[in-house]
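Presented below is the structure to which this report refers.
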There are 4 protein chains.
Amino acid sequence: MPGARTRILDAAEELFAGGGYDATPTAQIARTAGVPKGLLFHYFPKKIDVLITLIDERTLVVEAPEVEAVPGDAAGTLSRLARRLPLRASPAMRRILFREADTHGSVRERLGRLNGELIRRARFALELALPTRRGDAARLEAAAATFAAVLLYQENLCQLTGHQIDPDAVAELIAMALV
Amino acid sequence: MPGARTRILDAAEELFAGGGYDATPTAQIARTAGVPKGLLFHYFPKKIDVLITLIDERTLVVEAPEVEAVPGDAAGTLSRLARRLPLRASPAMRRILFREADTHGSVRERLGRLNGELIRRARFALELALPTRRGDAARLEAAAATFAAVLLYQENLCQLTGHQIDPDAVAELIAMALV
Amino acid sequence: MPGARTRILDAAEELFAGGGYDATPTAQIARTAGVPKGLLFHYFPKKIDVLITLIDERTLVVEAPEVEAVPGDAAGTLSRLARRLPLRASPAMRRILFREADTHGSVRERLGRLNGELIRRARFALELALPTRRGDAARLEAAAATFAAVLLYQENLCQLTGHQIDPDAVAELIAMALV
Amino acid sequence: MPGARTRILDAAEELFAGGGYDATPTAQIARTAGVPKGLLFHYFPKKIDVLITLIDERTLVVEAPEVEAVPGDAAGTLSRLARRLPLRASPAMRRILFREADTHGSVRERLGRLNGELIRRARFALELALPTRRGDAARLEAAAATFAAVLLYQENLCQLTGHQIDPDAVAELIAMALV
DNA sequence: TATGAATGAGTGTTCATTCAT
DNA sequence: AATGAATGAACACTCATTCAT
């Protein structure tokens with residue numbers, strides 16, 4: 001069995017994803033984790049520290065210097081980008097990342113970072129994938145931002161609105177617009 | 001001076017947009033509205049009823065049967081769509097609509113409706129604007145969803161991530177992909 | 001349709017009997033009665049006045065100067081007494097009479113009066129029914145009180161404890177003890 | 001000084017007996033007990049739990065397998081039964097037991113159990129005390145129930161109606177009827 | 001007589017946080 | 001590190017009662 005600190009974070013991850021940060025009492029976190037209430041505050045002096053720690057230790061925006069891109073295949077390159085977000089995090093943590101964006105700056109910051117990395121990757125991929133570098137930087141920027149928007153939309157709003165979106169089709173669409 | 005019920009809704013709109021539903025005590029709503037605490041519960045038996053009423057009475061997803069589209073000008077048509085969301089709501093209410101999507105089903109429902117209307121309009125606009133109806137319905141669908149995603153992203157995540165996106169550029173991009 | 005005052009009392013009678021005085025809000029009485037809340041306080045300035053009026057107007061302890069007794073038939077005389085309590089009141093009002101004895105002095109007073117009348121009748125009946133007046137007044141008094149106790153017990157505690165008691169058998173028992 | 005939990009129960013016992021469960025705010029219980037309000041809910045999550053615990057821990061219906069009876073002395077046997085109810089409880093708890101019978105099932109259940117034990121004892125005592133076992137079980141049953149009714153009446157209604165009843169006289173009366 | 005909005009003290013309950021051990 | 005009792009401010013909500021019309 002993992003240590004108390006880990007069990008607390010495990011419990012909080014599950015509960016925050018399920019009911020939200022505000023609606024989850026510290027007592028419930030402790031109970032779910034199987035630790036006494038006092039111990040929770042030994043590790044995390046304030047409740048918000050649990051959330052901050054969760055974001056800090058359990059989400060990682062992979063900011064790779066290099067992005068794999070296949071020259072000449074913009075659609076495929078974007079598709080591959082969409083297949084896996086540059087985000088190392090469990091489904092529960094992903095839920096928390098979007099859900100609690102208003103709760104604390106650290107969450108917002110992480111989400112912003114993901115967004116930035118997404119745009120950076122899309123831009124970079126397109127730059128490399130496109131046959132010729134045309135001077136039209138603005139259009140490329142819009143394409144990158146659009147793709148990032150679609151990916152975040154899919155991760156977040158789709159659950160709320162029930163509407164699905166096919167990233168591959170979007171990738172193809174964007175590629176078509178730029179070639 | 002407007003009636004008590006209106007003042008309560010005014011106060012709630014402001015406070016929910018600012019600090020969020022959970023973080024806003026009913027006492028503060030009453031104080032801000034300048035009414036005794038008990039009166040709030042005279043009009044809204046449960047706190048959640050304030051939010052529900054706000055969504056119900058102060059957001060309207062304009063589900064127009066017809067959408068104005070200029071044949072041959074897909075980009076311009078989308079641009080015009082972006083200029084104004086089919087959503088009759090104050091900036092504060094817009095904030096609430098996105099922020100409290102997890103708080104109550106009625107908010108989620110309204111947001112979903114907006115999303116649906118957005119997609120419907122984009123699809124319809126593109127259908128009319130494009131010179132020839134090509135059999136490629138899937139691509140058109142992807143384009144519509146993409147545009148909706150961008151618009152919602154702009155309304156919601158941009159505030160969180162600080163990243164701006166230019167709808168006109170996206171409109172042009174999409175048009176280019178489809179012609 | 002009866003007048004407002006009557007409808008209020010009707011509603012209160014039903015609700016007090018069902019859920020108890022304390023647990024019944026005046027708003028519910030008004031709603032059940034189909035009258036506006038303000039009108040209730042027009043007729044009954046304080047909530048307790050509803051209960052007092054109910055007891056006052058809808059329970060009557062029949063304090064008959066004469067009690068029918070058949071000389072020589074003590075058991076039968078008591079049985080007849082048991083058949084009908086000297087209490088003019090609906091089942092609901094009877095329930096209220098016992099249930100709210102602690103709520104207000106007027107209820108307690110009425111209940112005490114019923115108890116007194118019960119004892120008086122039993123004593124009187126026995127005095128007349130018994131063949132010879134023996135000097136043993138104390139025993140007769142005990143018999144009367146016992147019979148009253150049984151009748152009140154039957155009316156009140158039987159519902160709570162689920163235990164039934166046959167007044168006729170008790171009547172016979174007491175008669176047997178006294179002859 | 002006893003522990004906080006005990007002091008809370010002490011205070012509740014006193015206050016419930018005095019003013020009744022409904023009329024006693026939890027704040028007053030805490031104040032009387034000399035503990036902060038929050039601690040009350042640490043031990044008793046709901047107010048009703050205080051009453052339930054009180055009944056559970058501070059009233060005991062002594063369900064003795066054997067009942068002491070003196071053969072040939074029915075009156076004396078019943079008198080002895082009346083001297084002390086098979087109920088281990090303070091006067092305050094006794095008051096609560098009768099007063100709050102409508103408040104919660106657990107109180108009602110305990111009261112019913114007391115009633116049952118009373119009848120059982122009276123029946124058993126009479127069976128043993130009477131010289132000859134006559135086939136008349138029904139009469140014996142009525143006698144037992146009558147005696148139980150008188151004892152409960154004495155404990156409960158006497159306080160309300162102000163009427164006293166002498167159990168010894170009733171014991172003698174019943175004995176006389178059965179010999 | 002009739003109406004329902006207005007009032008505000010009070011109620012049970014929650015909960016993050018502290019603290020003594 | 002570990003424990004759970006202790007704390008009290010805050011919360012949503014209730015309700016008898018008043019009052020202007």
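The values are calculated or read from the model by the stated rules, or taken from the named source; none is laboratory data. Predicted model only: the values in this text are computed from it and were never measured. Positions of Cβ are backbone-derived with ideal geometry, glycine not excepted, and every protein chain shown enters the neighbour counts. What goes into the accessible areas is simple: the full protein's heavy atoms, side chains included, and nothing from ligands, DNA or RNA. Shrake-Rupley method; radii C 1.70, N 1.55, O 1.52, S 1.80 Å.
Tabulated results
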quantity	calculated
Helices (runs of 4 or more DSSP H) fully within the stretch C:1-118 counting 1 or more residues that are away from DNA strand F (no atom under 16 Å from the Cβ) and surrounded by fewer than 19 Cβ atoms within 10 Å (Cβ to Cβ)	C:4-19, C:47-58, C:74-83, C:91-99
Long-range neighbours under 8 Å by Cβ, at least six apart or interchain, first residue within 14 Å of chain C (Cβ to nearest Cβ) within the stretch D:19-33, second of a type in the set (S, T, N, Q) and open to solvent by less than 60 Å² (accessible area, probe 1.4 Å)	D:Tyr21/D:Thr103; D:Asp22/D:Thr103
Filter result for the condition that a residue is touching a helix residue (DSSP H, G or I) at 6+ places or on another chain (Cβ under 9 Å) and outside the structural domain of B:Ala144 (by the TED database), over B:Ala74, B:Ala12	B:Ala12
Of all residues making up the stretch D:162-177, the number that are open to solvent by 30 Å² or more (accessible area, probe 1.4 Å) and within 7 Å of another protein chain (Cβ to nearest Cβ)	4
Residue check for C:Leu126: at the interface with another protein chain (Cβ under 9 Å from one of its Cβ atoms) and in a helix (DSSP H, G or I)	no
Test result for D:Ala144, more than 25 Å from C:Leu97 (Cβ to Cβ), at the interface with another protein chain (Cβ under 7 Å from one of its Cβ atoms) and in contact with a helix residue (DSSP H, G or I) (Cβ under 7 Å, 6 or more places away or on another chain)	no
Any hit, the stretch B:152-160, residues being at the interface with another protein chain (Cβ under 10 Å from one of its Cβ atoms), over 21 Å from B:Val61 (Cβ atoms) and open to solvent by 10 Å² or more (accessible area, probe 1.4 Å)	yes
